[in-house]
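The values are calculated or read from the model by the stated rules, or taken from the named source; none is laboratory data. The shown structure was predicted, so the numbers you read here are calculated from the model rather than taken from an experiment. Heads up, the Cβs are rebuilt from the backbone with ideal geometry, glycines too, and the neighbour counts pull from every protein chain shown.
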Amino acid sequence: MGDKFTRLSFEKIFNVEKLITIFYMELSKNFCYDGESHDFWEMIYIDKGEMICTADKNEFILKSGEMTFHKPNEFHNLSGNNSTAPNVSIITFECKSKAMKHFEGKIFKLSAEEKNLLSSLFEEGLSCFKLEDETNPLLQKIKKLPTAPFGSSQMTKNLLEIFLIRLCRNTDVVTKKMRRSYLIDGVNVPYDVKEIIDILRDNIYGKITVKDVAKAVGKSESSVKKLFCDYHGIIKYYNFLKIKEAKRLIREERYNISQISDLLCFDTPQYFSKCFKGITKMTPSEYKRSIIK
């Protein structure tokens with residue numbers, strides 16, 4: 001008589017093979033670490049405060065309630081922001097599952113449910129494993145406690161795998177690229193501002209309005225204006241870029257001042273001169289005479 005039961009195998013999305021470290025640190029606001037790279041995954045969660053995180057050569061801010069991952073062999077480091085003392089949870093582990101690719105280059109804002117699950121994971125893991133040197137958790141050495149509760153090692157593995165699945169369902173994600181800071185004209189600016197500056201630079205020889213910029217970046221006009229509050233306003237910055245280019249053109253001596261005004265799409269040469277003087281404290285003619293030849 002044949003077997004009337006269907007036996008289905010469980011789908012294995014994540015298989016965490018080895019645990020390297022699990023620990024929680026309360027750090028000073030001036031904490032600084034030289035950085036490292038290793039052939040396993042690292043999961044970082046900021047419980048309180050915020051930290052400056054580096055992945056390869058890219059720097060970004062990790063805020064309270066947020067998590068990121070460093071993939072195998074990615075150079076990374078952490079440092080305080082010199083303002084707030086952060087608390088950080090870190091787990092490092094081996095997992096060769098293809099689904100791990102989902103975590104590359106992202107920052108996750110954890111929901112209340114995900115925070116509770118993460119708390120259970122750490123509670124279970126820390127009841128089972130202990131750092132050999134608690135004064136230096138970055139030495140990457142843990143040992144299993146003889147007092148570990150029954151099944152705590154498997155529970156830790158299962159909770160970590162469940163947490164990874166939950167995180168894959170998370171839609172509150174930003175990319176590290178969006179959180180990165182960029183040095184422009186000697187000032188560090190966030191990605192959102194850098195994206196707008198790139199659009200303005202691409203239109204130095206044209207005309208673009210706040211409405212045009214807002215449409216290009218998928219934001220409202222008020223949001224775009226708010227982003228530029230710390231940079232003296234978007235139109236003022238746009239004119240600054242145009243005048244910076246005008247100075248270069250004047251030095252090259254290929255065009256006269258009226259032609260430069262037309263090239264840069266100023267309404268009139270008079271308005272061009274007004275903007276030029278407002279930024280450089282000189283008229284275009286005065287600037288031209290000041291150039292050392």
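Before we move on, is residue 123 modelled with pLDDT of 95 or more and within 25 Å of residue 11 (Cα to Cα)? Give the steps one after another, and end with the answer.
Numbers: modelled with pLDDT of 95 or more: yes; within 25 Å of residue 11 (Cα to Cα): no.
Considered against the rule, which asks whether it is modelled with pLDDT of 95 or more and within 25 Å of residue 11 (Cα to Cα), residue 123 comes out as no.
Using the structure shown, decide if residue 118 is buried (at least 18 other Cβ atoms within 10 Å of the Cβ), in the same structural domain as residue 147 (by TED's automatic domain parsing) and modelled with pLDDT under 95. Working first, answer last.
Numbers: buried (at least 18 other Cβ atoms within 10 Å of the Cβ): yes; in the same structural domain as residue 147 (by TED's automatic domain parsing): yes; modelled with pLDDT under 95: no.
No.
Name the single residue that is farthest from residue 54 (Cα to Cα) among those in region 4-22 being assigned to a loop (DSSP other than H, G, I, E, B) and of a type in the set (D, E, K, R). Outline the logic, then answer.
Just the residues of region 4-22 that are assigned to a loop (DSSP other than H, G, I, E, B), to begin with: 4-15.
Next, from what is left, pick out any that are of a type in the set (D, E, K, R): 4, 7, 11-12.
Numbers: 4: 56, 7: 47, 11: 34, 12: 31 Å.
Here the residue is 4.
Please determine whether any residue of region 113-128 is under 29 Å from residue 60 (Cα atoms) and in a loop (DSSP other than H, G, I, E, B).
no
Starting from residues that are modelled with pLDDT of 70 or more and touching an Asp or Glu at 6+ places or on another chain (Cβ under 9 Å), keep the ones in region 167-188 and report whichever is nearest to residue 235 (Cα to Cα).
170
Sort out which residues of region 1-26 are under 22 Å from residue 165 (Cβ atoms) and not β-branched (Val, Ile, Thr), and write them in order of number.
Of region 1-26, the ones under 22 Å from residue 165 (Cβ atoms) are 8-22.
Of everything in region 1-26, those that are under 22 Å from residue 165 (Cβ atoms) and not β-branched (Val, Ile, Thr) turn out to be 8, 9, 10, 11, 12, 14, 15, 17, 18, 19.
Which residue, of 107, 46, is surrounded by 14 or more Cβ atoms within 10 Å (Cβ to Cβ), among the β-branched types (Val, Ile, Thr), in contact with a helix residue (DSSP H, G or I) (Cβ under 9 Å, 6 or more places away or on another chain) and within 21 Å of residue 160 (Cα to Cα)?
Details: 46 fails: in contact with a helix residue (DSSP H, G or I) (Cβ under 9 Å, 6 or more places away or on another chain).
Only one candidate passes the filter, namely 107.
Are any residues in region 263-293 surrounded by 14 or more Cβ atoms within 10 Å (Cβ to Cβ) and on the phi > 0 side of the Ramachandran plot, and if so, which ones?
Once the filter is applied, which keeps residues that are surrounded by 14 or more Cβ atoms within 10 Å (Cβ to Cβ) and on the phi > 0 side of the Ramachandran plot, region 263-293 yields only 265.
Restricting the search to region 8-32, which residues are of a type in the set (A, V, I, L, M) and within 24 Å of the chain's Cα centre (by Cα)?
Narrowing region 8-32 to residues of a type in the set (A, V, I, L, M): 8, 13, 16, 19-20, 22, 25, 27.
Correct list: 22, 25, 27.
Could you tell me which residue of region 23-43 is nearest to residue 96 (Cα to Cα), considering only residues that are assigned to a strand (DSSP E or B) and modelled with pLDDT of 95 or more? Even if it seems obvious, please write down each step before you answer.
Pass one, region 23-43, residues assigned to a strand (DSSP E or B): 23-26, 32, 36, 41-43.
Okay, now just the ones that are also modelled with pLDDT of 95 or more, so 41-43.
Working: 41: 9, 42: 13, 43: 15 Å.
Per the stated criteria, the residue is 41.
Pick from region 229-262 the residues that are aliphatic (A, V, I, L, M) and touching a Phe, Trp or Tyr at 6+ places or on another chain (Cβ under 7 Å): which of them is surrounded by the fewest Cβ atoms within 10 Å (Cβ to Cβ)?
Initial filter on region 229-262 (aliphatic (A, V, I, L, M)): 234-235, 241, 243, 246, 249-250, 257, 260.
Subset that is touching a Phe, Trp or Tyr at 6+ places or on another chain (Cβ under 7 Å): 234, 243, 246, 249-250.
Working: 234: 24, 243: 22, 246: 26, 249: 17, 250: 20.
My answer is 249.
Select from region 154-166 the residues that are of a type in the set (S, T, N, Q) and either in contact with a Phe, Trp or Tyr (Cβ under 8 Å, 6 or more places away or on another chain) or modelled with pLDDT under 85 (or both) and list them in ascending order. Don't jump to the end; show me each part of the working.
Filtering region 154-166 down to residues of a type in the set (S, T, N, Q) leaves 154, 156, 158.
156 - this is the single residue of region 154-166 that is of a type in the set (S, T, N, Q) and either in contact with a Phe, Trp or Tyr (Cβ under 8 Å, 6 or more places away or on another chain) or modelled with pLDDT under 85 (or both).
So residue 82 ticks every box in (1) part of a loop (DSSP other than H, G, I, E, B); (2) surrounded by 15 or more Cβ atoms within 10 Å (Cβ to Cβ) but one. Which box is left unticked?
Among (1) part of a loop (DSSP other than H, G, I, E, B); (2) surrounded by 15 or more Cβ atoms within 10 Å (Cβ to Cβ), the lone unmet condition for residue 82 is (2).
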